[in-house]
Structure formats: C-alpha cells, structure tokens
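Participant: Before I ask anything, here is the structure I am working with.
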Amino acid sequence: MMVQANISSLQSSPFVLNSPSSHPSLRQLLNFSAGKAERRKLRFSCRSSREQEGEYLLDAPVSVGDGFSFSGGKYSDEPSPSDEWFKKGKMVKAHPVNGIGKKAKDPIFGLTMGAGSQASSDVFRWFCVESGNADNPSVILIHGFPSQAYSYRKALPVLSKEYHAIAFDWLGFGFSDKPQPGYGFDYTLDEYVLALESLIGQLVRDKVSLVVQGYFAPIVVKYASNHQEKLNDLILLNPPLVENHAELPSTLSIFSNFLLGEIFSQDPLRASDKPLTSCGPYKMKEVDAMVYRRPYLTSGSSGFALTAITRAMRKELKTYTKEMRMILSNENWKVRTTVCWGQRDNWLGYDGVDDFCKHSSHKVVELAMAGHHVQEDSGEELGQLITSILSKP
C-alpha cells in the first residue's frame, strides 16, 4: 500500500524519469501504480550518452543531472542557492578508493549510472568550506545524519573571527563523492572512521578541535580515541549518548527497509525535508530546502548512499554507542569534552545524559530553543558557544 501511494504521486509531478522505457521491471512498476488513462500524463525519455556501446543509463545528461524522484521534483539548471554555497568551498581528496574497476550500477534495475553518480577512481573527493585565518587554531565542524556541511552556515562566520573553521560533507552527502556500495565504499561505520582519519590528515597538520552533531558522534569519538594527542577539544551536539539512543527513529530507519528503502530514499521530501524538520522546532525555508534537496535531484546515488548508511547504522549503532560511552568514561580519556544539548530534540531524550556527563566529568550545556539539529535551530548562538568553550592557544 505504501509503495502504491508514493508511486501514484507521479501522476501529478512534472518530472522526467530517464530510463529505458522497454525495461520490464520499470514497466511493471508503473502498471502497478497507474491505469492506462492516467499513465499518458507521464513524460518519459530514453537517453544514453553511451549508446554506441549498447549500454543504457538510468541518468539524464550530465548538464541536466541524473537524479530522479518517485514522488515528484526535478532538478533545474537555473541558478540556485546551492550554486552559491558550492562557490564557497573546495574539493579535497582523501581516503583511497577500494574499488573493483567497474562502473557503478543502480541497485534497483542494475543499470549503469552516469558520470554524476560515479565516484573517483583513485581517491575520494570531499566538499569542504573553510572560513577564517588559516594561522588561527583549527576547528572542524562535522554534520549529522542526514545533513550537510551547509547546516553550519550560521556558525561559520562567528567562529571565523578567532578560529580557522572548516565544515565538510561526509561521503554520501552534499557535494562529496557518493560511491555505490560495492564500488569503493560500503558505508560501514568502521570505514567512516578510517575515512575521517584520512580527511583530517589532509585538512590540518597541527592540533584541532572537533564539533560533531547527532548520529555521527560515535564515529568521531572512536577516531578521537585513537588520536587524542591531535585534539584540543571535543564538542558533541545531541549525540546518541545513552543506551536507549541506540535505535534510529522511524523517520530514518524506513530507509533501511527492503525495496521501500531504495524507493523512499529517492524522494527528496522524505530523504531531506522530513528528517530535518521532524526532529525539532526547525522551520525550513525554501531557499535552504533547495540546497538540501539538490543532491537527491541531481544524482540517484545520493538516495542509494542514504539507504546503505541507514542499514549500516541499524546494524552497528548499538555497538558504537556502547563503545562511545566506554571511551568517554574511561580514565585514559584526556580530551576536554563538552556535550551541548538542544532540549527540543524529538529523536533523542535528555534522560540519563546529565547523569552520564556528571559521572564522566564532562560539561553539559543546554540550549532551550534548539532541537536535534542544534546548528540549524541556534546557529549563531552555537558559534558563540563553541568560541567560549574551545581552549585558547
């Protein structure tokens, strides 16, 4: 029933799904969702930039974007806020690709994906935005799941006054590479730890402070436990800190379901808008929504990466959160750690957080008006708070 409800919304959505119209699985899917009279409202095109090789692509030309949405939406070549954000950053190469030397294929139809959905062949590309003087102490801002470096846009200008602030997109998000699972990166949490180590090695040479939000916190803490000598401060924003935080909310766990995960992750409203707005008081402006939706409308790989990450999180999050608690409460942990908590978090409850921090001698700072995505709800306030927390050189 849920599949039919989402597919049927195609009838009123003006978009082009670029795929071989003769492909039986796609035809069956459409027959299942709409009658003959309503199917003629859909517009399809069969395009391939490699027809000379007899290989069809589930993609539009690179100039248009190769994404698709099962519930509406279409990428436009017109100027957008995402273009302005992209101009502020740069691509950094870090972490070797453990690939198989073949073009990635989508997991639904098995069709080779276009250039926009192919990751690097040697070293992954990460999108990074830097602000402030590079001679100042460095602080790296790490977004949560699912989000982008864009979420720190309000905090960056504040931090740049005294620090060299850097925000980046994780692999699978934003403008960074989004490899298909099995084609160089499988999105396991262990892989993310190693990838983070490679990236930080490229970004900074001296000591650094780390700020991380949400469900990526256990990954960052595990990295930090192996590199305490490199860290000045660690700031955790609404991390899954206690035992009952180890399960993903239904808004995210839906992407791990068989088939439904692949379908729903291609819907920018489900993959982007809903996770960002359902976990707290955040009211997304359309200008910001256009930035967050862009990856899902320009490349099908964004949604497939989201599905892979969610499945890895569901499988490994309990182990990682338990390990994070052990690390932070261990007497050998020497990094000054602060937990900042948005009290209007609809995903993670505050019960037990204060007790854990007191027992582990970590400072807790509460933000009354913020939710799970603290940097969205209280970005400038967070920037000022981070500035007050970080160790002065």
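Values in this text are rule-based calculations from the coordinates and carry no lab data. Since we're looking at a predicted model, the values are computed, not measured. A quick note on method: Cβ atoms are made from the backbone with ideal geometry, for glycine too, and the neighbour counts reach across all protein chains shown.
Participant: Could you tally the net charge around VAL374, taking each other residue with its Cβ under 12 Å from the Cβ of VAL374, Lys/Arg +1 and Asp/Glu -1?
Facilitator: -4
Participant: Right, something else. Roughly how far apart, in whole Å, are the Cα centres of the range 307-326 and the range 131-171?
Facilitator: If you average the Cα positions of each part, the centres end up 25 Å apart.
Participant: Amide H to amide H under 5 Å from VAL139: which residues, 5+ apart in sequence or cross-chain, H placed 1.01 Å off N in plane?
Facilitator: Residues meeting the criterion, in which the H sits 1.01 Å from N, are HIS164, ALA165, ILE166, SER209.
Participant: Which aspartates and glutamates, if any, have their Cα less than 17 Å from the Cα of LYS103, not counting same-chain residues under 8 positions apart?
Facilitator: Within reach: GLU51, GLU53, GLU55, ASP59, ASP66, ASP122, ASP177, ASP186.
Participant: Moving on. Which FRET efficiency value, to the nearest 0.05, is calculated for LYS334 and ASP83 with the Förster distance at 56 angstrom and r the Cβ-Cβ distance?
Facilitator: Here the calculated transfer efficiency is 0.85.
Participant: Continuing with the same structure: Provide the net charge surrounding HIS95, with neighbours chosen by a C-beta distance below 14 Å and charges set as Lys +1, Arg +1, Asp -1, Glu -1.
Facilitator: Around HIS95, the charge tally is -4.
Participant: Also, quick follow-up: Among all the lysines, which ones have a C-alpha under 23 Å from LYS161's C-alpha, if same-chain residues fewer than 8 places away are not counted?
Facilitator: LYS87, LYS88, LYS90, LYS207, LYS230, LYS392
Participant: Output the peptides 328-340, 149-161, 271-283 sorted from most to least packed, where packing is the average of other Cβ atoms within 10 Å over each peptide's residues. Write down the numbers at each step before the final one.
Facilitator: Details: 328-340: 16.5, 149-161: 21.4, 271-283: 19.6.
Answer by packing, highest mean first, reads 149-161, 271-283, 328-340.
Participant: Please work out whether the range 86-389 counts as rounded, prolate or oblate from its C-alpha gyration tensor, where a ≥ b ≥ c are the square roots of the eigenvalues and a/c under 1.5 means rounded, while otherwise a/b larger than b/c means prolate and anything else oblate? Let's see the in-between values first.
Facilitator: Numbers: a/c = 1.44, a/b = 1.32, b/c = 1.10.
Rounded shape, in that the Cα axes give a/c under 1.5.
Participant: Quick check on packing: order 174-180, 109-115 by the mean number of other C-beta atoms within 10 Å, highest mean leading.
Facilitator: 174-180, 109-115
Participant: Please state the charge dipole magnitude for the range 86-389, taken about the Cα centre, from unit charges on C-beta atoms (+1 on K and R, -1 on D and E), reported in debye and rounded to the nearest 20.
Facilitator: 640
Participant: By per-residue mean of other Cβ atoms within 10 Å, what is the highest-first order of 367-376, 139-148?
Facilitator: My ranking of the peptides, most packed first, is 139-148, 367-376.
Participant: In whole Å, how far is the Cα centre of the range 357-384 from that of the range 235-254?
Facilitator: The two parts, judged by their Cα centres, are 15 Å apart.
Participant: For LYS105, list the lysines whose Cα falls under 22 Å from its own Cα; do not include residues on the same chain fewer than 8 positions away.
Facilitator: Within the straight-line limit of under 22 Å, LYS105 reaches these lysines: LYS74, LYS178.
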